[in-house]
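My questions will all concern the structure given below.
No value in this document is a laboratory result; all are computed from the given coordinates. Since the model is a prediction, treat every value here as computed from it, not as a measurement. Please note: Cβ atoms are built from the backbone with ideal geometry, for glycine as well, and neighbour counts cover all protein chains shown.
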Amino acid sequence: MKKRETIYRIFGRTLGRTNNKFSIKYYRELLLPFKVYKLSKKEKYILDIGSGYGETTLYLAHKYSNYKIIACEKYINGNFNLIKKIKQNSINNILIHNGNVHEILDKNEKYYFFDKVFIFFPDPWPKNKHNKRRLINFSFFTKIYEYVSHNGKIYIVTDSDLYKRSILNSIYETKHLFKWLNYSKLNLSVKDYFDLETKFYKKAIISKRKPTLFVLQKL
């Protein structure tokens, strides 16, 4: 019997409202040189989940030039911007996955590919009927654990109080898998770790919402 193909759902907008004359064919052609295929055990990878407009990915590509940076983002406008910057700056260590991060994980064997995983400002889905769409939960942590290297780190930033509480609960549930490194400094500024201000970081500061950084290390 033929195995049923897994359908990965993507929630939220994938394209800006002003893009009335958008060509999917042209977009796919642009993505081809950056497409994520099977991961190699000979390469070193950093996973940037929800890369937005690519600011974090570009920062990581410069900071960790000996790594392949995988930008995982469904928002087409953001990927357009990232590709533009890659070409302008002749960057050669960025890959782009236009879709759900679970596609990358499920299509590769369980192996410690990622030394670092970045999840900056994931969609908080604040409505009760939508909170199951949140990426970060017990299930996600137990799954990503299989792909993170020994002592590898996960960096999470959110400015949503609801999501902070949810993340804290998930950290507690998976404390046998990950050590919470900065638990005594929960409100530590992102900039104490990274000299980076993304669009969402600036938006949070302007709105007087304090971004919280969680740093987890695989046990």
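Can you tell me how the stretch 92-219 classifies by the Cα gyration tensor, rounded, prolate or oblate, using a/c under 1.5 as the rounded cut?
Rounded.
Sequence-distant or interchain residues sharing an amide H contact under 5 Å with Lys44, placed H: which?
Lys68
Label Asn92 and Lys38 with points 7 Å out from Cα along Cα→Cβ: what is the distance between them in nm?
2.4 nm
Moving on. I want to verify a result. In a Gaussian network model of the chain, Cα cutoff 10 Å, which of these has the top mean-square fluctuation: His176, His97, His62?
In this elastic network of the chain, the residue with the biggest mean-square fluctuation among His176, His97, His62 is His176.
Let me ask another. Can you compute 3J(HN,Hα) from phi for each residue in the stretch 105-116, using the Karplus curve 6.51 cos²θ - 1.76 cosθ + 1.60 with θ = phi - 60°, rounded to whole Hz and x for Gly and Pro?
5, 6, 8, 10, 5, 6, 7, 7, 6, 9, 7, 9
On to the next question. Which of Ile46, Ile205, Ile136 ends up with the largest GNM mean-square fluctuation for the chain, with Cα atoms connected below 10 Å?
Ile205
Then there's this: For the stretch 85-98, in order, what is each residue's ³J(HN,Hα) by Karplus, 6.51 cos²θ - 1.76 cosθ + 1.60 with θ = phi - 60°, in whole Hz (x at glycine and Pro)?
Listing the rounded values in order: 5, 4, 5, 4, 10, 6, 8, 10, 10, 10, 10, 10, 10, 8 Hz.
So, one more: Suppose each label sits 7 Å from its Cα in the direction of the beta carbon; what would the Lys199-Lys110 distance come out to in nanometres?
Between Lys199 and Lys110, the label points sit 3.7 nm apart.
Output wanted: per-residue J couplings in Hz (rounded whole) for the stretch 150-167, from phi through Karplus 6.51 cos²θ - 1.76 cosθ + 1.60, θ = phi - 60°, x for Gly and Pro.
So the J values, rounded to whole Hz, are 4, 6, x, 10, 10, 10, 10, 10, 9, 10, 9, 4, 4, 5, 4, 5, 5, 5.
Could you work out which residue, out of Ala204, Ala71, Ala61, moves most in a Gaussian network model of the chain, that is, has the largest mean-square fluctuation with Cα springs under 10 Å?
Ala204
Another question about this same structure. Using just the helices of the chain, give the 222 nm mean residue ellipticity in deg cm²/dmol: DSSP H runs with n ≥ 4 each add -39,500 (n - 2.57), and the total is spread over all residues, rounded to 500.
-8500 deg cm²/dmol
Given a Förster distance of 25 Å, report the FRET efficiency between Leu30 and Asn66 from their Cβ-Cβ distance, rounded to the nearest 0.05.
0.45
So which lysines can Lys210 reach, going by Cα to Cα under 18 Å and dropping same-chain residues fewer than 8 places off?
Within the straight-line cut-off, Lys210 pairs with Lys164, Lys185, Lys191, Lys199, Lys202.
I've got another one for you. So, in Å, what gap is there between the alpha-carbon centers of the stretch 157-214 and the stretch 89-126?
Centre-to-centre (Cα) distance: 19 Å.
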